[in-house]
């Protein structure tokens with residue numbers, strides 16, 4: 001960083017009588033130490049919900065650190081789509097460092113991560129502040145007939161004992177011909193409605209979830225997932241969230257339950 005960041009090692013090279021050691025761990029405070037190798041920073045990184053995070057042993061300079069950040073992929077349910085998290089992480093690590101030095105106050109790793117995610121979400125909301133496509137709910141609780149385009153029926157199954165969930169979704173043509181179906185499962189899902197929301201695209205037999213989506217409201221439990229769904233909505237020219245009776249969603253429901261059973265009842269011999 002060409003000595004632009006006034007950390008301990010930089011101040012020392014400038015001949016300033018300043019403490020060059022990290023106030024948290026006692027090691028020499030360099031930019032890389034502040035942002036990655038300090039035990040506090042490492043614990044913060046461990047809490048960031050993302051894939052492709054930098055590894056201490058693989059990074060030897062700030063330049064390499066920033067290059068590695070470009071490979072990061074955000075994970076749900078954070079409410080953050082494609083916006084990078086790492087700029088906010090560096091900003092709050094720097095603020096936390098200054099607060100510790102000049103005010104003798106500190107944040108916990110969890111508190112700092114919450115601040116990072118909140119700022120990243122707020123920035124993405126402001127950046128994507130364009131009007132999303134209009135959504136609507138059919139008046140009758142019957143299997144909707146699309147005038148054009150593909151339909152996607154989804155369902156979720158949840159096991160209250162393990163907290164695991166299964167998800168199924170089926171794509172079909174406007175005439176009702178099935179094109180493709182998929183399923184997946186997840187561990188440690190908080191509630192049945194979360195299992196529904198994780199794979200929601202168009203049609204669902206969860207009235208409460210459809211109501212939340214079409215009323216632009218949310219709950220604390222679903223806030224980040226609902227935000228991710230609405231961000232994805234902005235990429236479509238037209239999209240609707242519709243309720244479909246359970247009897248009209250049998251295929252997706254069966255896929256979801258079958259996928260859940262793989263977690264709840266592992267195959268013999270596993």
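The ranking of 27, 58 by Cβ neighbour count inside 10 Å, starting from the fewest, reads 58, 27.
Considering all C-alpha pairs of the range 8-127, those separated by over 22 Å amount to 36%. Of the residues 228, 205, the one with the fewest other Cβ atoms within 10 Å heads the list, and the complete ranking is 228, 205. Sorted on the mean count of surrounding Cβ atoms within 10 Å across their residues, most packed first, peptides 65-74, 100-109, 250-259 read 250-259, 65-74, 100-109. Fewest-first ordering of 184, 61 by other beta carbons within 10 Å of each residue's beta carbon gives 61, 184.
FYI, it's all coordinate maths here, none of it is from the lab. The shown structure was predicted, so the numbers you read here are calculated from the model rather than taken from an experiment. All Cβ positions, glycine included, derive from the backbone under ideal geometry; neighbour counts span all protein chains shown.
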